[in-house]
Each structure stands twice: as structure tokens, then as C-alpha cells.
Ligand code: SIN
Ligand code: FE
């Protein structure tokens, strides 16, 4: 069975809704009850949209990011900012002063988003892990990329080199383009899609094979042989990510919703449970948070819980 035929027969099942938070709430405005409600909406696969972003980027910083003050555009690739190390990567080709400017702007963005979400999504804030922030300066429409790195194909996010071991991937995006919307399509949530995916990969029948792999790994560790130990959860999510992008039939026939994120809007989404693709748009900022299972409002709806229920065993290490 390919993924296209694995899509639920009801096209409306498991599609996302937009939940508008407008005007953006100030530091003291979100009650604990409202925070919890928003967490529940996000975990259900809905998108929290702020039509007018609470994180406005000063005009001169935008000009620096767009390269308006230079004869050439200084940033050619997505730039990642690692908050815990206060370091950026991906700025090669720009001068030292330009790299420093990008680092300052991303540091500031990362801090302001973190402060804003500590209030808006307070149940997560005590235990989340601050992951990377990024600046996305490239036009997404027809952006050249190898198949598995293409973001214009529907997928659930999974980090190949930074396993989350079951923690959820929450992302806060801001469209800083002054005139163009950032256009996404989304399809079914993991809750609707995951069980069919698990069927296609034979997850329910794979416990014997996994147990053998686990035994071999611990044996290798005892012998001091280095082992690649990506948790089973991350293996599965990554396999799902790749299979979705490889399946042209699925990409064409999956039920789709199209969203236009207007200039100066921000949106929040669990990209590990909302299948998404970006079709067009240039100049966005983003901050990622890893949300552990024990602070989720409804852990049983998480991709980890869904996959573990089907597998009948733990998928984390
Ligand atoms: C993605 O996570 O697939 C990209 C989203 C975006 O850059 O808008
Ligand atoms: Fe993605």
C-alpha cells in the first residue's frame, strides 16, 4: 500500500483549523485557562495565527536582513541561530559585520519570542528546550533542493541529526516580508495519518525485529563499538518524512488546505503533527521549541503516543 491510498477516506478528517489570537496578548493578559486551551488547540493540529505579530522587527533591522543597504544581498542561505551557544551558522559569504548583525537580530528575535510564549503558552515554558531560531531569506517558490530537503512537499518535521526522543516540535514563524504572503498548504494531522503510515511500515508487526536490534546495540555498546543510536521514535518519524516526500501520488492526491500568512503576521504550529509544505514566500524568521511529553495538555494525542499504541512498546530510549 502506498501513502496515497493510506490517506483516510474522509477528506475532511484530521485537517487543521486556524485559531486567531488578535490582538496579541500582553505579558499579563493570558490566563492559565486560556494558555491551556491554546496548548490543546495546537496539540490537536490547529494553527495559532496572530495577524499582527507581537514580535515586530525594527525597520533598520529588516533593511539589514533584506540587504537593502548593500549593493548585494548579504545572506544566501537559511541562517540558523543556536540560542544556548549564541552562535549562528549558514552566514558564509557575508562579511564579519553582516554575520554579527544577523546574530544580533536573531538573538533578539529568539529572546522576544521566548518571552512572549512563556506567557501565551505558560504550561510548556517550565520544561521546554529552546532549539534553533532561523532566518529564511530565500524565495521558496521553485527553490532548488534535493528531494528529502524540499519544503514544498507535504511532510511532518523530523530532525535527522537532532533526535527529540519523543519531545514535540513547536515552531513560531514570522513573515517579515513587507508585501508578499508566505503560502503554505497543509494536509492531515498525524492523528489522522499516522496510523495508516504505521500500517504501511509494518510497525505493528515489527517488535521482534526491533528487540533484536536493541539487543545487538547493547551488545555493541558492551564491546565498546560505536553505535548510531537514534531512538526508534525518531527513526519512524524520519522514515515517515522521507516516504511522504518520495510519494508523488500522495503529494498529488492528499486533501489540502491552503494558507496565506500575510506580511507581519506570526503563526505557531506543531510541525511534527501538522503535515505542511511551503509553496512561496521570502524572508521569514522562526524559533523552534522542543516540548517534552510531561507538559503536554493531551499527551495521548502526540505522535509518540499514537505510534507506541500501535507498536505496543516504548519507542524512546
Ligand atoms: C518547513 O518547515 O517545511 C518550512 C516552513 C517555512 O519555511 O515556512
Ligand atoms: Fe517542515
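Scanning the stretch 148-162 for residues that are within 11 Å of ligand 1 (Cβ to nearest atom) and exposed (fewer than 13 other Cβ atoms within 10 Å of the Cβ) yields a single hit, 149. When the stretch 222-245 is filtered for residues that are within 16 Å of ligand 1 (Cβ to nearest atom) and surrounded by fewer than 17 Cβ atoms within 10 Å (Cβ to Cβ), only 242 remains.
Residue-wise test of (1) more than 27 Å from residue 166 (Cβ to Cβ); (2) within 15 Å of ligand 2 (Cβ to nearest atom).
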site: 255; (1), (2): yes, no
site: 261; (1), (2): yes, yes
site: 279; (1), (2): yes, yes
site: 291; (1), (2): no, no
site: 295; (1), (2): no, no
site: 299; (1), (2): no, no
site: 310; (1), (2): no, no
site: 314; (1), (2): no, no
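Tally the residues that are crowded, with 17+ Cβ neighbours inside 10 Å and either more than 14 Å from the chain's Cα centre (by Cα) or more than 19 Å from residue 38 (Cβ to Cβ) (or both), restricting the search to the stretch 277-291. Within the stretch 277-291, residues that are crowded, with 17+ Cβ neighbours inside 10 Å and either more than 14 Å from the chain's Cα centre (by Cα) or more than 19 Å from residue 38 (Cβ to Cβ) (or both) number 7. I'd like to check something: does the stretch 57-73 contain any residue that is closer than 24 Å to residue 272 by Cβ and at pLDDT 95 or above? The answer is no, given that none of the residues of the stretch 57-73 is closer than 24 Å to residue 272 by Cβ and at pLDDT 95 or above.
Output the number of residues of the stretch 133-147 satisfying the condition of being surrounded by 14 or more Cβ atoms within 10 Å (Cβ to Cβ) and either within 12 Å of ligand 1 (Cβ to nearest atom) or modelled with pLDDT under 95 (or both). Final tally of qualifying residues: 7. Pairing each residue of the stretch 136-154 that is under 17 Å from residue 274 (Cα atoms) and in contact (Cβ under 8 Å) with a residue 24 or more places away in the chain with any residue that is in a strand (DSSP E or B) and within 9 Å of ligand 1 (Cβ to nearest atom), provided the two are 6+ apart or on different chains, yields C-beta distances under 8 Å for 151/277; 151/278; 152/277; 152/278; 153/277; 154/276; 154/277. Can you pull out the residues in the stretch 172-193 that are within 14 Å of ligand 2 (Cβ to nearest atom) and farther than 23 Å from residue 253 by Cα? Selection gives 172, 173. Filtered by the rule that a residue be surrounded by 15 or more Cβ atoms within 10 Å (Cβ to Cβ) and either out of contact with any strand residue (DSSP E or B) (no Cβ under 9 Å at 6 or more places or on another chain) or outside any helix (DSSP H, G or I) (or both), the stretch 40-55 gives 40, 44, 45, 46, 47, 48, 49, 50, 51, 53, 54, 55. Residues considered: 26, 93, 33. Of these, the only one that is closer than 17 Å to residue 266 by Cβ, loosely packed, with under 15 Cβ neighbours inside 10 Å and at pLDDT below 95 is 26. On the basis of being loosely packed, with under 14 Cβ neighbours inside 10 Å, touching a helix residue (DSSP H, G or I) at 6+ places or on another chain (Cβ under 9 Å) and modelled with pLDDT under 95, does residue 6 make the cut? So residue 6 does not fit the description; no.
The values are calculated or read from the model by the stated rules, or taken from the named source; none is laboratory data. Everything numeric in this text was worked out from a predicted model, so none of it was measured. Positions of Cβ are generated from backbone atoms using ideal geometry, with glycine treated the same way; all protein chains shown enter the neighbour counts.
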